[in-house]
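Reading through the structure tokens given below for one structure.
The values are calculated or read from the model by the stated rules, or taken from the named source; none is laboratory data. Since the model is a prediction, treat every value here as computed from it, not as a measurement. Because the Cβ atoms are built from the backbone with ideal geometry, glycine has one as well, and the counts that use them run over all protein chains shown.
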DNA sequence: ATCCCGATGCTAGCACTGCTAGACAATCTA
DNA sequence: TAGATTGTCTAGCAGTGCTAGCATCGGGAT
């Protein structure tokens with residue numbers, strides 16, 4: 001039956017959604033197999049019928065987040081160019097810290113360079129590249145990496161309260177100015 | 001007796017040194033209280049006579065690393081200006097990934113903004129500021145934060161193999177060019 | 001309608017984690 | 001030498017990720 005198939009897929013999505021909610025609410029350390037299985041109202045082994053291990057669940061959250069992030073960046077860039085994109089990127093990292101951490105700071109199974117699940121990664125990278133391209137007079141790809149790293153650095157250091165909160169917009173502004181010249 | 005005091009201090013240093021070695025060899029996940037206590041040839045409770053918990057040991061490694069990093073940045077800046085400093089910063093992160101992670105990517109007790117243990121943090125930040133200062137026509141501190149974030153972003157994304165390895169020096173070069181104009 | 005079998009879900013448990021109480025031994029003080 | 005203090009260990013607790021093995025339920029064949 002494919003009703004079963006649908007029910008199964010729905011449950012898989014429920015697991016991912018719940019894991020993400022738990023993580024955003026109490027941090028990834030609070031997302032244990034026991035708490036998660038209790039939250040979805042199934043026993044622990046059910047989780048392993050859907051995902052190889054806990055790491056795979058985090059990866060699933062990361063992929064969902066990546067899709068979201070790509071969409072956010074796209075519309076922000078179309079509306080506000082590189083400045084809008086930079087603001088949107090850091091905004092996303094602040095609004096969904098656990099999801100952002102799943103994508104970028106926690107160790108994941110996601111292989112970035114290879115041809116495994118790179119489609120959404122390429123799309124996101126493409127958004128960054130499109131924002132940077134008008135200001136690159138040489139190697140667009142490398143400048144994109146530099147710009148992306150700069151954004152990620154601000155997101156990461158921001159999240160651990162290592163940068164002065166009041167200067168948040170100033171930092172974005174300065175970074176954009178550096179790139180646009 | 002202060003012979004005891006010295007022996008005790010030496011043992012504390014041994015714990016930190018060993019934790020760091022274990023982390024650099026096999027990653028922080030492999031640094032458990034049991035493995036660490038076995039490596040220093042004491043039982044687990046001894047660790048807790050020196051440190052409040054495992055987190056405090058990581059913090060101690062981070063502080064040691066921060067002192068090292070400050071010294072590295074200083075001599076690199078004096079010899080090679082901002083370009084030398086950038087190269088040295090990323091070099092340190094690559095050569096001591098676990099130590100760098102203890103300082104910046106793992107969650108630590110280190111409060112950065114407050115007046116608790118900020119001396120070495122201020123010194124390191126000062127090195128970055130000194131490197132950036134000649135090229136800042138406005139707010140040095142904010143530009144330093146932007147530059148630092150950009151370096152940290154490259155270090156972090158580099159460590160997780162998310163940037164093309166071959167373009168490593170190109171990225172440093174581009175970043176330096178952005179700042180120096 | 002009944003039997004069977006595969007899928008689905010659970011209980012219980014393993015080896016590991018950080019951390020600690022309480023017993024024992026070694027050392028210094030008087 | 002007796003007492004106190006310091007140091008160290010064994011044993012154990014609660015919690016972790018993960019899995020073997022047993023129930024139970026539903027759909028298809030006879």
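Residues of segment B:1-12 being more than 16 Å from residue B:44 (Cα to Cα) and at pLDDT 90 or above, which ones?
First, pick out the residues of segment B:1-12 that are more than 16 Å from residue B:44 (Cα to Cα): B:1-7, B:9-10.
Selection gives B:10 alone.
Within segment A:51-106, track down each residue that is more than 14 Å from chain B (Cβ to nearest Cβ), away from DNA strand C (no atom under 16 Å from the Cβ) and part of a loop (DSSP other than H, G, I, E, B).
The one that is more than 14 Å from chain B (Cβ to nearest Cβ), away from DNA strand C (no atom under 16 Å from the Cβ) and part of a loop (DSSP other than H, G, I, E, B): A:96.
How about segment A:164-181: which of its residues are touching a helix residue (DSSP H, G or I) at 6+ places or on another chain (Cβ under 7 Å), surrounded by fewer than 17 Cβ atoms within 10 Å (Cβ to Cβ) and part of a helix (DSSP H, G or I)?
Within segment A:164-181, A:167, A:180 meet the criteria.
Among the candidates A:120, A:15, A:82, single out the residue that is more than 30 Å from residue A:134 (Cβ to Cβ) and either in the same structural domain as residue A:158 (by TED's automatic domain parsing) or surrounded by 13 or more Cβ atoms within 10 Å (Cβ to Cβ) (or both). Lay out the reasoning, then the answer.
On the way: A:120 fails: more than 30 Å from residue A:134 (Cβ to Cβ); A:82 fails: more than 30 Å from residue A:134 (Cβ to Cβ).
From the options A:120, A:15, A:82, the qualifying one is A:15.
Do we have residue B:4 as farther than 27 Å from residue B:123 by Cβ, surrounded by fewer than 13 Cβ atoms within 10 Å (Cβ to Cβ), more than 14 Å from chain A (Cβ to nearest Cβ) and within 16 Å of DNA strand D (Cβ to nearest atom) here?
Details: farther than 27 Å from residue B:123 by Cβ: yes; surrounded by fewer than 13 Cβ atoms within 10 Å (Cβ to Cβ): yes; more than 14 Å from chain A (Cβ to nearest Cβ): yes; within 16 Å of DNA strand D (Cβ to nearest atom): yes.
So residue B:4 fits the description; yes.
Is it fair to say residue A:19 is more than 14 Å from DNA strand C (Cβ to nearest atom) and within 14 Å of chain B (Cβ to nearest Cβ)?
Values: more than 14 Å from DNA strand C (Cβ to nearest atom): yes; within 14 Å of chain B (Cβ to nearest Cβ): no.
Taking the combined requirement at face value, the residue does not satisfy it.
Please indicate, with yes or no, whether at least one residue in segment B:107-117 is part of a helix (DSSP H, G or I) and assigned by TED's automatic domain parsing to the domain that holds residue B:149. Talk me through it step by step, then tell me what you get.
So the first thing to find is which residues in segment B:107-117 are part of a helix (DSSP H, G or I), and the list is none.
No, that holds for no residue.
Of everything in segment A:114-153, what is over 20 Å from residue B:179 (Cβ atoms) and at the interface with chain B (Cβ under 7 Å from one of its Cβ atoms)? Give them in sequence order.
None; the set is empty.
Taking the stated definitions as given, is residue A:42 more than 14 Å from DNA strand D (Cβ to nearest atom) and in contact (Cβ under 8 Å) with a residue 24 or more places away in the chain?
Details: more than 14 Å from DNA strand D (Cβ to nearest atom): no; in contact (Cβ under 8 Å) with a residue 24 or more places away in the chain: yes.
Taking the combined requirement at face value, the residue does not satisfy it.
Residue check, residue A:156 against (1) more than 8 Å from every other protein chain (Cβ to nearest Cβ); (2) in a helix (DSSP H, G or I); (3) in contact with a helix residue (DSSP H, G or I) (Cβ under 9 Å, 6 or more places away or on another chain), all met but one. Which one?
(1)
Right, residue A:34: loosely packed, with under 15 Cβ neighbours inside 10 Å, outside the structural domain of residue A:101 (by TED's automatic domain parsing), modelled with pLDDT of 95 or more and within 14 Å of DNA strand D (Cβ to nearest atom) or not? Before you say what the answer is, go through the steps one by one.
Numbers: loosely packed, with under 15 Cβ neighbours inside 10 Å: yes; outside the structural domain of residue A:101 (by TED's automatic domain parsing): yes; modelled with pLDDT of 95 or more: yes; within 14 Å of DNA strand D (Cβ to nearest atom): yes.
Judged against the criteria, residue A:34 is a match.
Suppose we filter A:94, A:24 for residues that are under 22 Å from the mean Cα position of the chain (by Cα), in contact (Cβ under 8 Å) with a residue 60 or more places away in the chain, more than 16 Å from DNA strand D (Cβ to nearest atom) and outside the structural domain of residue A:174 (by TED's automatic domain parsing); which single one remains? Spell out the reasoning first.
Values: A:94 fails: outside the structural domain of residue A:174 (by TED's automatic domain parsing).
So the residue among A:94, A:24 that is under 22 Å from the mean Cα position of the chain (by Cα), in contact (Cβ under 8 Å) with a residue 60 or more places away in the chain, more than 16 Å from DNA strand D (Cβ to nearest atom) and outside the structural domain of residue A:174 (by TED's automatic domain parsing) is A:24.
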